[in-house]
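Before I ask anything, here is the structure I am working with.
The values are calculated or read from the model by the stated rules, or taken from the named source; none is laboratory data. Please read all numbers here as calculations on a predicted model, not as lab measurements. As a convention, Cβ positions derive from the backbone with ideal geometry for all residues, glycine included, and neighbour counts pool all protein chains shown.
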Amino acid sequence: MNQHHSAVTEGEKLLTDSDVHAIDRLQETFDGLKAELARVIVGQRDVVEKLCICLFARGHALLMGVPGLAKTLLVSKLAETLSLQFSRIQFTPDLMPMDITGTDILQDSVAGRREFQFIHGPVFANIVLADEINRAPPKTQAALLEAMQEYRVTTLGKTFQLDAPFLVLATQNPVEQEGTYPLPEAQLDRFMYLIELDYPSESEEIEIARTTTGQAFPALRHLLSGPQILADQELVRRIPVPDHIYRFAARLVRRTRPQDPTAPPWLTPLVSWGAGPRAVQNIILAGKARAALAGSYMVRLEDVQAAAEPVLTHRVITTFAAQAERLHARDIVKRLVSETDPDAM
C-alpha cells in the first residue's frame, strides 16, 4: 500500500489494519455468496456482482430484461443469503401510492375506541423488487422514488423511516411498451445502475430446465446480516481513491455531454443529453464497492471503467439519428470509455 500513498487525495485516510482485514472478510463472503446463489441460479454471475455493488454502495438498480430470466428468483435468493427482508411489488396501471407505502386503517383499540392505525405497505422491507415499474402511473412511481431517495415514506402528513439497508431493484420489460409510463430522465437518474439481463446460452438453458423441473430449491446459507451489511457499506465509503481516478471519472462523464468542449465530434449528432454530476458520484462509489468485493484496498482504473457502462447507459439520451443507425446508448458509452485517456489531465 505504501507505493500508493502519494496518489491518494489529501483528506482521504488510508485504510487501517482492521479495515484491511474487513475487506479480506468481505471478499471471502462475496465468493461464498456467488457459490451459494449458483446452487439455484444458473449463470448470471455478472448480474450478481452488479447487484452486490449497488447494495454495498447504497445505490438502487434498474433491471432490464425480457420475462422469464429469473429476476424475481435471483433477487429473493440474494435477500435470503443476506438475511434481509424481501418484498415484491407488481406494478399495474391501477396501483395507487398507498398500495406501496401503506395507509391508515380504522381499527378497534384496546380501550374500546376506534382509532386509525398505520399499516405498513410492501416498501417497508430491506430489498424491494418493483416489477415492471413503467406499468404504474407517475404518481405511484413518485411514491417509490421518494422512498429510494429519502429512505422514508410520507403518507397523510405522517413520516415513517425505512429500515436500513434499503435497496430498490426495479424491472422494466424492454419488449412490450404499449400502455406504459416510461420513467422520465430525472427519475432514471435516481438509479445507480442499469443492469441488462440477456438470454442464457444453450448449455445454461439446458441446466435451467434440469434445475427447475426437479426437486424444490435447497435452502441457502445466511452469509451476512443487516448490521454487518451496514458496517460494510461504511467500509466501502472509506476505500481510498487516487487523484487520477477522480479526474478520469469526471472527464468521462463530461465527454457524454454534446455541448461540452471535451466531447468528441462523433458524439454530437448522436447524443441529445449527457449525464449529470450524480453520474460521477455513482461511478466513484461503484468503483469503491467493486474494489472492496475484489479484495482491493484502493480503487483501480479497471473498477471505474467497469462501473461506467451500467452507470452511464441510462443517463445518456440518444438522438433520432442514433436510433436510425440502431446505435444504443451502451455502444456510445463503450466507445467513450475506450477512447478516454486515463493519463490526460
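Which residues, taken from the range 267-281, are out of contact with any helix residue (DSSP H, G or I) (no Cβ under 6 Å at 6 or more places or on another chain), touching a residue at least 40 places away in the same chain (Cβ under 8 Å) and surrounded by fewer than 18 Cβ atoms within 10 Å (Cβ to Cβ)? Can you show your working first?
Initially, the range 267-281 is screened for residues out of contact with any helix residue (DSSP H, G or I) (no Cβ under 6 Å at 6 or more places or on another chain), giving 267-268, 271-274, 276-278, 281.
From what's left, touching a residue at least 40 places away in the same chain (Cβ under 8 Å): 267, 271-274, 276, 278.
If the condition is that a residue be out of contact with any helix residue (DSSP H, G or I) (no Cβ under 6 Å at 6 or more places or on another chain), touching a residue at least 40 places away in the same chain (Cβ under 8 Å) and surrounded by fewer than 18 Cβ atoms within 10 Å (Cβ to Cβ), then Ser272, Trp273, Gly276, Arg278 are the ones that fit.
Consider the range 89-119. How many of its residues are in contact with a strand residue (DSSP E or B) (Cβ under 6 Å, 6 or more places away or on another chain), within 23 Å of Leu167 (Cα to Cα), in contact (Cβ under 8 Å) with a residue 40 or more places away in the chain and surrounded by fewer than 17 Cβ atoms within 10 Å (Cβ to Cβ)?
Selection size over the range 89-119: 2.
Still on this structure: Is there any pair with a first residue in the range 191-216 that is closer than 30 Å to Tyr151 by Cβ and in contact (Cβ under 8 Å) with a residue 60 or more places away in the chain and a second that is of a type in the set (Lys, Arg) and outside any loop (DSSP other than H, G, I, E, B) whose Cβ atoms are under 6 Å apart and which are 6 or more apart or on different chains, and what are they?
Every condition considered, the pairs that remain are Tyr193/Lys50; Ile195/Lys50.
Any residue at all in the range 282-291 that's modelled with pLDDT of 95 or more, closer than 16 Å to Asp189 by Cα and either loosely packed, with under 15 Cβ neighbours inside 10 Å or of a type in the set (S, T, N, Q) (or both)?
Yes, some residue in the range 282-291 is modelled with pLDDT of 95 or more, closer than 16 Å to Asp189 by Cα and either loosely packed, with under 15 Cβ neighbours inside 10 Å or of a type in the set (S, T, N, Q) (or both).
If you go through the range 193-213 one residue at a time, do you hit one that is among the small types (Gly, Ala, Ser), part of a loop (DSSP other than H, G, I, E, B), farther than 19 Å from Asp131 by Cβ and modelled with pLDDT under 85? Break it down into steps so the answer makes sense when it comes.
Let us first name the residues in the range 193-213 that are among the small types (Gly, Ala, Ser), namely 201, 203, 209.
Going one step further and asking which of them are part of a loop (DSSP other than H, G, I, E, B), we end up with 201.
The next check asks that each one be farther than 19 Å from Asp131 by Cβ; those that pass are 201.
Next cut, modelled with pLDDT under 85 only: 201.
Yes, that holds for at least one residue.
Can you find, within the range 142-174, the residue that is farthest from Met98 (Cα to Cα) among those that are assigned to a strand (DSSP E or B) and more than 18 Å from the chain's Cα centre (by Cα)?
The first filter runs over the range 142-174 and keeps only residues assigned to a strand (DSSP E or B), leaving 152-155, 158-161, 167-172.
If we keep only those that are more than 18 Å from the chain's Cα centre (by Cα) as well, we get 152-155, 158-161.
Numbers: Arg152: 14, Val153: 10, Thr154: 10, Thr155: 8, Lys158: 13, Thr159: 13, Phe160: 13, Gln161: 16 Å.
Selected residue: Gln161.
A follow-up question, please. Would you tally the residues in the range 298-319 being of a type in the set (Ser, Thr, Tyr), surrounded by 17 or more Cβ atoms within 10 Å (Cβ to Cβ) and either touching an Asp or Glu at 6+ places or on another chain (Cβ under 6 Å) or assigned to a loop (DSSP other than H, G, I, E, B) (or both)? Spell out the reasoning first.
Restricting attention to the range 298-319, the residues satisfying the condition of being of a type in the set (Ser, Thr, Tyr) are 313, 318-319.
Now restrict to residues that are surrounded by 17 or more Cβ atoms within 10 Å (Cβ to Cβ): 313, 318.
Among the residues that remain, those that are also either touching an Asp or Glu at 6+ places or on another chain (Cβ under 6 Å) or assigned to a loop (DSSP other than H, G, I, E, B) (or both) are: 313.
Total meeting the criteria: 1.
Conditions (1) part of a helix (DSSP H, G or I); (2) touching a Gly at 6+ places or on another chain (Cβ under 9 Å); (3) at pLDDT 90 or above; (4) closer than 24 Å to Ala308 by Cα, marked per residue:
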position	(1), (2), (3), (4)
Gly11	no, no, no, no
Gly43	no, no, no, yes
Leu51	yes, no, yes, yes
Pro67	no, no, no, no
Leu73	yes, no, no, no
Pro93	no, yes, no, no
